[in-house]
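Only one structure is covered here, and it is reproduced in the block below.
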Amino acid sequence: MREPAFWYRPRSPKSLVLRPLGALYGAIAASRMAREGFDAGIPVICVGNYHVGGAGKTPTVLALSRLVRELGETPVVLSRGYGGRLKGPVMVDCVRHTASDVGDEPLMMGRDVPVAVARDRIEGVALAKSQAATVILMDDGFQNPRITKDASLIVIDSARGLGNGKVFPAGPLRAPLKAQLARTDALVLIGDGHAADDVAAEIAVRDKPVLRARLRPDAAAVAQLFGKQILAFAGIGDPERFFRTLRASGIEVVRTNPFADHHMFSREEIAALVADAKREQLTLVTTEKDLARLRGSEGVPDGIVPFAVQLEFDDPAKLRQLISDHLYKARKRRFGRR
């Protein structure tokens, strides 16, 4: 879906009309979040966000998977496989599966870390543990009480923030902010913006850490595109963030074409993009997540260049200590029950 523009306006008649529905939805969501979940038996670290749409969860999960491995752990990512037809539980196979099978994000992450896709999260936990997982990294699911989380890291795009701060459908929030803040163990602000400074202040008052991070483009990807004129397209939560990243890397973006998040491109749409780029002598560039959706049985269409990015934290030592502490506490808590 495309996010309604009024979600990111301070005052809107549409938002005002929808607030009663938002209040009902929020009350149900808050009550649901308070339920007790299933104990996975091993540490579960959830990477989520307060609102619908993209914020940078996938690169955060990948960054955590690298860190957890450095700590001597065996991580497995648990995902619902949004956009995929398979209900699971199934381990993502990047050779055999396509995005239509398991979803674009699991397919993209599956190149770097084992990913279990399961609509039933408890079944997904069992599958992850069968793969010798010592830590489960839950991709999304912060508002879902099905599995008990040992730590919840919330990701916010610092340039977009939380919009009008209202609960869906009046705004982008998945549940009332107060209920979500109470279950947050750390906040990850991506980028240099200040739209989420008020939320960061709330987290700091609760004596929880606020981590700053930035999406760093792959040097080889930048070199490949330097000096060329670009037609950029993306079907992610915030396509404009991708376009800004390209421009900030010194790449000349002549045209942009945004699509809705998780957009499944038709052959006709891709053919039109390729034709437009060829006619105007532009290089066609997209995200790795979009490329995962384009990678079908016939491979990636010719002429499309992926632009790789990686999340880097301003204070990696702080993140390392945070994760180490939560892993220690999670195991101590379970050991103490025996």
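The values are calculated or read from the model by the stated rules, or taken from the named source; none is laboratory data. All figures in this text were calculated on a predicted structure; none of them were measured in a lab. Because the Cβ atoms are built from the backbone with ideal geometry, glycine has one as well, and the counts that use them run over all protein chains shown. Areas reflect the complete protein model, heavy atoms only, side chains present, ligands, DNA and RNA absent. Shrake-Rupley method; radii C 1.70, N 1.55, O 1.52, S 1.80 Å.
Compute the whole-percent fraction of alpha carbon pairs in segment 1-134 spaced more than 26 Å apart.
Numbers: 3150 of 8911 pairs.
That fraction is 35 percent.
Restricting to DSSP H runs of at least four residues, report the calculated mean residue ellipticity at 222 nm for the chain, -39500 (n - 2.57) per run over all residues, nearest 500 deg cm²/dmol.
On the way: 12 runs with 128 residues, N = 338.
Helices in the chain give a 222 nm mean residue ellipticity of -11500 deg cm²/dmol.
Using the alpha-carbon atoms, what tilt in degrees (0 to 90, nearest 10) does helix 121-130 show relative to the longest principal axis of the chain?
Rounded to the nearest ten degrees, it is 90.
Going toward the positive end of the dipole of the chain, with +1 on Lys and Arg Cβ and -1 on Asp and Glu Cβ, which of Val167, Phe259, Ala223 do you reach last?
Going by the charge dipole, the pick is Val167.
Nearest 5 percent is fine: what portion of the DSSP beta bridges confined to segment 185-338 is antiparallel?
25
Rg to Rh ratio, the chain, alpha-carbon atoms and Kirkwood radius?
0.96
How about segment 242-338: which GluC sites (Glu not before Pro) there are in a DSSP loop, with at most 10 other Cβ atoms within 10 Å of their Cβ?
Passing both the DSSP loop test and the Cβ count: Glu298.
Compute the angle between helix 316-337 and the longest alpha-carbon principal axis of the chain, please, reported from 0 to 90 degrees and rounded to the nearest 10.
Roughly 40 degrees, rounded to the nearest 10.
If you keep only loop residues by DSSP, which trypsin sites (Lys or Arg not before Pro) in segment 1-43 have at most 16 other Cβ atoms within 10 Å of their Cβ?
Arg2, Arg11, Arg35
Which one of Leu24, Val285, Val44 has its Cα pushed farthest toward the positive end of the charge dipole of the chain, where Lys and Arg give +1 and Asp and Glu give -1 at the Cβ?
Leu24
On a full-extension model of 0.36 nm per residue, what is the gain between Asp314 and Val254, subtracting their alpha-carbon distance, rounded to one decimal in nm? Could the numbers behind the result be given before it?
Details: separation 60, 0.36 × 60 = 21.60 nm, distance 3.10 nm.
Computed gain between Asp314 and Val254 is 18.5 nm.
Calculate the FRET efficiency for Tyr82 and Gln281 from the Cβ-Cβ distance with a Förster distance of 45 Å, rounded to the nearest 0.05. Don't skip to the end; give the middle numbers.
Details: r = 36 Å, r/R0 = 0.81.
The pair Tyr82/Gln281 has a calculated efficiency of 0.80.
When a/c reaches 1.5 or more, the comparison of a/b and b/c decides; with that in mind, is segment 236-338 rounded, prolate or oblate per its Cα gyration tensor?
prolate
Counting heavy atoms of the protein chains only and a 1.4 Å probe, report the per residue accessible area for segment 18-151 as a whole number of Å².
Accessible surface, normalised per residue, equals 39 Å².
About its Cα centre, what dipole magnitude does segment 1-123 give when the only charges are +1 on Lys and Arg Cβ and -1 on Asp and Glu Cβ, stated in debye to the nearest 20?
680
When the chain is modelled as a GNM with alpha-carbon springs shorter than 10 Å, which of Gln143, Gln224, Gln131 fluctuates the most?
Evaluated over the chain, the most mobile residue of the options is Gln224.
What are the residues whose amide H is under 5 Å from the amide H of Ala151, where those residues sit 5 or more places off or on another chain and H is modelled from the backbone?
HN-HN under 5 Å from Ala151: Val44, Cys46.
Rank Thr184, Pro13, Val95 by how far each Cα sits towards the positive end of the charge dipole of the chain (+1 on Lys, Arg Cβ; -1 on Asp, Glu Cβ) and give me just the farthest.
Thr184
Starting from the coordinates of the alpha-carbon atoms of segment 240-290, obtain the Kirkwood hydrodynamic radius over all distinct pairs and give the value in Å to one decimal.
Details: mean 1/r = 0.0829 Å⁻¹.
Result for segment 240-290, one decimal place: 12.1 Å.
Rounded to the nearest 10 degrees, what's the angle between the helix 267-279 long axis and the longest principal axis of the chain, both from Cα atoms, 0 to 90?
Between helix and principal axis, roughly 50 degrees.
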